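What follows is a set of notes on a single structure, which appears directly below.
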Amino acid sequence: MSDLFDDPTPGQATGQNAPEFSVSEISGEVKRTLEGTFGRIRVRGEVGRVFKARSGHLYYDIKDDRSVLACTTWKGQISNLSVVPEEGLEVVVTGRLTAFGAQSKYNMNVDEVAVAGQGALMALLEKRKKQLESEGLFAPERKKPLPYLPHIIGVVTSPSGAVIRDILHRLRERFPRKVLVWPVAVQGANCAPEVARAIEGFNKMTPGGALPRPDLIIVARGGGAIEDLWGFNEEVVARAAAASDIPLISAVGHETDTTLIDFVSDRRAPTPTAAAELAVPVRLELMAWVEDQGARLLRGTGQAVQQRRQRLNDLSRAMPRPDSLLETPRQRLDQASYNLPRALMSAVHQRQLGLGRASAGLRPATLRSLVQRRRGQFETAIAKLSPYPIAREIARQKTDLEKLNARMEAAQSVRIARHGQQLEAAGRQLDILSYKATLSRGYAVVRSGAEVVTTRAQAAAAPALSIEFSDGVLDLEATETVAK
């Protein structure tokens with residue numbers, strides 16, 4: 001190729017005998033020269049403008065304080081990049097120089113991008129953090145409370161690492177739960193999109209379906225360098241975690257490692273094992289709490305029954321007897337029955353006296369007619385004052401009083417029977433909750449005298465043992481006890 005660009009000899013006129021090239025030929029020679037001379041190279045600089053075409057290809061600039069180098073990453077190469085170029089990020093790009101003859105430009109085809117130093121990574125992380133914080137994704141009021149005892153836990157992690165084994169082992173120790181594992185790459189170029197798809201996939205599941213939706217999500221990964229954990233600092237992962245309707249625990253790296261997903265998650269765990277501890281309570285502690293609540297319920301039930309019994313006794317003592325309620329009305333009735341005949345006779349006698357005084361001043365004929373008239377009136381009055389209508393009224397009232405007495409006795413009997421049934425039901429419940437029911441299931445109570453023996457050492461030191469079964473008590477002497 002050097003012959004093509006040699007200077008003409010002194011005897012040749014410039015531009016007359018030199019070979020002629022077409023535009024495409026000279027562009028091709030330039031391209032081959034660039035690619036052959038430089039080969040595969042690494043260039044350090046700051047990312048300028050970034051443009052992603054609709055075809056999927058990525059175009060961007062790498063620049064320093066004096067020059068700009070155009071770079072291109074084809075659509076099929078983007079998935080292999082460990083870091084996607086962002087404007088203002090200082091990077092080291094690796095690829096090949098080439099030329100684009102259609103525009104007389106040269107550029108670099110980049111197939112690998114690395115951040116130039118940890119300081120640049122931290123600066124990029126801080127920039128993303130400020131952007132997401134300004135959007136309110138870190139606000140405490142957005143944090144969702146974790147379910148106290150989730151039925152299904154979704155875990156986003158590598159299926160072959162030690163992380164998933166640690167989580168499953170810790171869950172089995174504390175409170176076994178169903179676990180759905182969504183396998184993802186936990187580092188490299190595929191980490192961020194796979195983790196984001198896993199979080200979105202769990203949220204799209206149907207609650208109670210064939211593959212039920214989890215009640216809690218754990219995103220977990222073991223420790224590593226900042227470059228290894230960078231996938232969890234990608235914006236797509238942070239936004240997927242913030243948009244999750246399912247409560248999410250981030251457990252990425254060790255306690256000192258902090259990634260962007262930690263700020264948007266509902267809870268952050270220092271390690272994957274700690275995430276399992278946050279997810280479920282301790283089963284034994286719950287069982288102890290339930291037993292304590294059962295004992296409190298038993299004591300409360302006993303006290304309530306005792307109070308109701310005492311109240312019933314107090315009410316029964318305060319209520320009068322049915323006979324005492326009828327004593328006064330009966331006395332009044334007897335007194336009225338006793339006074340009625342004398343009152344009638346006294347009234348008749350008074351009328352007779354008044355008649356005698358009135359007839360003293362009358363003539364015989366007039367007196368006779370007056371007497372006859374008054375006699376008729378008197379007889380009518382006597383008929384009206386007859387004790388029989390009053391006796392019928394008294395009898396009717398007495399019958400009503402006896403009916404009222406019968407109703408009161410029936411109501412009192414029903415009330416006493418109802419309270420008796422409640423006492424019997426409470427007694428049956430006490431029998432069910434007593435330790436006697438536990439003995440019928442195969443357990444026994446060991447005593448040394450009046451003290452309950454709970455350990456083997458106490459049993460070995462006891463002079464004699466008394467074992468209570470559901471069907472009786474068995475006494476053992478010291479010679480029959482088990483040796484230490």
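At 222 nm, what value in deg cm²/dmol follows for the chain if DSSP H runs of at least 4 each add -39500 (n - 2.57) and the sum is divided by all its residues, to the nearest 500?
-16500 deg cm²/dmol
Need the full-extension length gain, residue 394 to residue 297, defined as separation in residues times 0.36 nm minus the C-alpha distance. One decimal, nm.
29.1 nm
Could you derive backbone 3J(HN,Hα) for the stretch 206-211 from the dihedral phi with the Karplus parameters 6.51, -1.76 and 1.60 (θ = phi - 60°), listing whole Hz in sequence and x where the residue is Gly or Pro?
8, x, x, x, 4, 10
How much net charge surrounds residue 81 when only other residues with a Cβ under 10 Å from its Cβ are counted (Lys, Arg +1; Asp, Glu -1)?
That works out to -2.
So between residue 87 and residue 404, what do we pick up on full extension, going 0.36 nm a residue minus the alpha carbon distance?
104.2 nm
Which order do 24, 337 fall in if you start with the one that has the fewest other Cβ atoms within 10 Å?
24, 337
Pairing the Cα long axis of helix 23-38 with the longest principal axis of the chain, what angle in degrees results, from 0 to 90 and rounded to the nearest 10?
Orientation of helix 23-38: about 80 degrees from the principal axis.
With a cut-off of 8 Å between alpha carbons and a minimum separation of six or more residues, what is the relative contact order of the chain in percent?
Value for the chain: 8 percent.
Using the Karplus curve 6.51 cos²θ - 1.76 cosθ + 1.60 with θ = phi - 60°, what ³J(HN,Hα) values do you get for each residue of the stretch 179-187, in whole Hz, with x for Gly and Pro?
Once rounded to whole Hz, the list reads 10, 10, 9, 9, x, 9, 7, 9, 7.
Using only Cα atoms, tell me the angle between helix 191-204 and the longest principal axis of the chain; keep it within 0 to 90° and round to the nearest 10.
With rounding to tens, the tilt is 30 degrees.
Once you put a point 7 Å from the Cα of residue 433 and another 7 Å from the Cα of residue 382, both along the Cβ direction, what distance in nm separates them?
Going by the 7 Å Cα→Cβ label model, 8.0 nm.
Please arrange 197, 373, 317 by how many other C-beta atoms lie within 10 Å of their C-beta, fewest to most.
317, 373, 197
Which of the lysines could a cross-linker span from residue 75 if the Cα-Cα distance has to be under 16 Å and same-chain partners fewer than 8 positions apart are dropped?
The qualifying lysines are 52.
If R0 is 25 Å, what FRET efficiency do you get for residue 372 and residue 350 from their C-beta distance, rounded to 0.05?
With a Förster radius of 25 Å, E is 0.75.
Between (1) 2.32; (2) 1.17; (3) 1.63, which matches Cα Rg over 2.2 N^0.38 Å calculated for the structure shown?
(1)
Using 7 Å Cα-to-Cβ label points, what is the residue 475/residue 127 separation (nm, one decimal)?
Here the answer is 9.0 nm between the modelled labels.
Apply the Karplus parameterisation 6.51 cos²θ - 1.76 cosθ + 1.60, with θ equal to phi minus 60°, to every residue of the stretch 392-409 and state each ³J(HN,Hα) to the nearest whole Hz, in sequence, with x for glycine and proline.
Using θ = phi - 60°, the values come out as 5, 5, 5, 5, 5, 5, 5, 5, 4, 5, 5, 5, 4, 5, 5, 5, 5, 5 Hz.
Determine, for 229, 430, the number of other Cβ atoms within 10 Å of each Cβ, and report the residues in order from fewest to most.
By the 10 Å Cβ count, ascending: 430, 229.
Straight-line reach from residue 436: which aspartates and glutamates fall under 12 Å, measuring Cα to Cα and dropping same-chain residues less than 8 apart?
By straight Cα distance, residue 436 reaches 468, 471.
What residues qualify as long-range amide H neighbours of residue 184, i.e. H under 5 Å apart, gap of 5 or more or another chain, H built at 1.01 Å from N?
Under 5 Å from the amide H of residue 184 lie the amide H atoms of 157, 158, each far enough along the sequence or on another chain.
Quick check: net charge around residue 447, other residues with Cβ under 12 Å of its Cβ, Lys/Arg +1 and Asp/Glu -1?
Combined, the nearby Lys, Arg, Asp and Glu give -3.
Given H placed 1.01 Å from N in the peptide plane, which residues other than close sequence neighbours of residue 107 have an amide H under 5 Å from its amide H?
98, 99, 100
Taking residue 129 as the anchor, which lysines have their alpha carbon closer than 23 Å to its alpha carbon, excluding any fewer than eight residues away along the same chain?
Partners within reach: 143, 144.
Taking the Cα-to-Cβ direction at residue 460 and at residue 35 and moving 7 Å from each Cα, how far apart do the two end points lie in nm?
It is 8.6 nm.
Taking the 0 to 90 degree range and rounding to the nearest ten, how far is the long axis of helix 283-318 tilted relative to the main principal axis of the chain, both from C-alpha atoms?
Between the helix axis and the principal axis of the chain, the angle is about 10 degrees.
Given the C-alpha centroids of the stretch 421-469 and the stretch 107-182, what is the distance between them in whole angstrom?
For the stretch 421-469 versus the stretch 107-182, the Cα centre distance is 52 Å.
Values quoted throughout were computed directly from the atomic coordinates according to the rules given, and no laboratory measurement underlies them. A quick note: this is a predicted structure, and the numbers were derived from the prediction, not measured. Backbone-built Cβ (ideal geometry, glycine too); neighbour counts: all protein chains shown.
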